[in-house]
1. Counting just the residues of the range 289-330 that are away from ligand 2 (no atom under 16 Å from the Cβ) and polar (S, T, N, Q), which one comes out nearest to VAL141 (Cα to Cα)?
2. Test ASP251 against the criterion of being closer than 16 Å to LEU364 by Cβ and of a type outside the set (Val, Ile, Thr), and give yes or no.
3. Take LEU39 and decide whether it is modelled with pLDDT of 95 or more, more than 22 Å from the chain's Cα centre (by Cα) and in the same structural domain as GLY54 (by TED's automatic domain parsing).
4. Do we have any residue at all in the range 82-95 that's surrounded by 14 or more Cβ atoms within 10 Å (Cβ to Cβ), small (Gly, Ala, Ser) and on the phi < 0 side of the Ramachandran plot?
5. For the range 434-443, enumerate the residues that are surrounded by fewer than 17 Cβ atoms within 10 Å (Cβ to Cβ) and either at pLDDT 95 or above or within 16 Å of ligand 1 (Cβ to nearest atom) (or both).
6. Count, please, the residues in the range 273-291 that happen to be over 18 Å from ILE253 (Cβ atoms) and either assigned to a helix (DSSP H, G or I) or within 16 Å of ligand 1 (Cβ to nearest atom) (or both).
7. Can you tell which of LYS326, LYS374 is outside the structural domain of ARG125 (by TED's automatic domain parsing), under 13 Å from the mean Cα position of the chain (by Cα) and of a type outside the set (A, V, I, L, M, F, W, C)?
8. When residues of the range 337-346 are filtered for being hydrophobic (A, V, I, L, M, F, W, C) and touching a residue at least 60 places away in the same chain (Cβ under 8 Å), how many remain?
Amino acid sequence: MAAVPALPVSLSGRFKGSFAYFTIKDRLPQILTRVIDTLHRHKNEFFEEHGEKGVEAEKRAISFLSKLRNELQTDKPVTPLEDELPDAALWNQYLDYQRNLPNGNGEPSWFQSPWLYVECYMYRRIHAALAQNPPIDNFDVFKEGKAQNFFESQEAVIALCTYFQELLKNIKDLDEKQLQEELFKLLQVSLWGNKCDLSFSAGEDSSQKSSPLQSLENMVPYILVNDMEKVWSLLVNAKKNRTERSNVRVDIILDNAGFELVSDLVLADFLLSSKLADEVYFHGKSIPWYVSDTTKHDFNWTIKQLGSANHMWMSRCGINWEGNLKKGVWVFRDHMFWTLPHDFSSMSEVAPDLYAELQKSNLLLFKGDLNYRKLTGDRKWEYSVPFHQALNKFHPAPLCSLRTLKSDTQVGLKPGQGEQIQASEPEWMVSGKYGVVQFDAGL
Ligand code: F6P
Ligand code: MG
């Protein structure tokens, strides 16, 4: 039997000067400071809603978060979770696993452990700070930022909804070539929509200002791996082979709320309206995550906002989408696994129910940078290693990642391609300027 090549090392803050190092040193403490400020700013609101109890809870949450920031900045050991939330045991098992890694780096700590682990752990502790402190336990500290991103992207949302409603008027008359062109456009809008995340800008404005359709052509050279043709062939074949009892199902593993979510919803609507798919499942986060990730509340809120907008095409979109949810051709799901620290290669073991669910799909679309890191294990891969290999046996169904590069890991490039860009643009992997539409057929 051929030897299985060892996995490369994990990205980590222990590599001084790396993007992980700067993230842990600068950006994560900034995010924690913003969270603390947000709680301060809502003090009066907590008082009005819950009286003294609300203010006391706010104080406790702030002191928990300040302690967390101090632990991070002084590279203290990662401590077990002490709350009783449903995923706590899994987190603590994962800490044991990190402790016992054969070539680990001693006691897990903020700068010594894998970046993916400690970054996820920070968001889980932010969640604990609130969840453990009723009556403010349902407060999403990132909600305002997500709403702001949505409102500041208003013009782009209008442009996209208008374009899409015009397209729907004659979608029945489009031939295959034209349908393919439209799919490619909307895949690209959804790809570049991923530039708009708030953890990347440490919560600063990152809304979509210009029309999302205008500059697509100019941006094609920045798509480093472009497998859109493969996505198209898969969908067309699935449609041909579909029987009355087997629906074509596409799953979108969502990333950020705000403009990116709207771009994903438009893509999902197109898949149904063009009859390329019969149903779309959306997967969101069950707790606030990485500042701008989509929770069930964000998902429903966004659709409601569109539905009640003053703009005819925006509201048409929102109303249709509510209809899709009611009819059951759109389904929203969340699962604890998406907010665990594990990469996706362990999904079949840690969350077999979710893995089995994904196996029912014809195509999985993974949005965004964090999902890419979890797909490929957040490791120091050679750029030219095949995507399939980096997935490390994660193959529930054919899948495609739509990701702008915001962290320094990338696979599946042509030999020399990464090195060439690196020579002229040292920041190419973390600037969000480049993207991939990267497909893997599975087994
Ligand atoms: O470092 C940038 C970052 O905050 C990463 O931690 C993370 O991978 C990414 O941004 C989140 O991006 P996305 O919303 O695309 O998953
Ligand atoms: Mg995100």
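1. Looking at residues that are away from ligand 2 (no atom under 16 Å from the Cβ) and polar (S, T, N, Q), I get ASN300.
2. Against the criterion (closer than 16 Å to LEU364 by Cβ and of a type outside the set (Val, Ile, Thr)), ASP251 qualifies.
3. Yes: the conditions hold for LEU39.
4. Yes, there is a match, as at least one residue in the range 82-95 is surrounded by 14 or more Cβ atoms within 10 Å (Cβ to Cβ), small (Gly, Ala, Ser) and on the phi < 0 side of the Ramachandran plot.
5. Once the filter is applied, which keeps residues that are surrounded by fewer than 17 Cβ atoms within 10 Å (Cβ to Cβ) and either at pLDDT 95 or above or within 16 Å of ligand 1 (Cβ to nearest atom) (or both), the range 434-443 yields only ALA441.
6. Of the residues in that region, 1 qualify.
7. After ruling out the rest, the residue left standing is LYS374.
8. Summing the residues that are hydrophobic (A, V, I, L, M, F, W, C) and touching a residue at least 60 places away in the same chain (Cβ under 8 Å) in the range 337-346 gives 2.
The values are calculated or read from the model by the stated rules, or taken from the named source; none is laboratory data. On a predicted model such as this, the values are computed, not experimentally measured, just so you know. Heads up, the Cβs are rebuilt from the backbone with ideal geometry, glycines too, and the neighbour counts pull from every protein chain shown.
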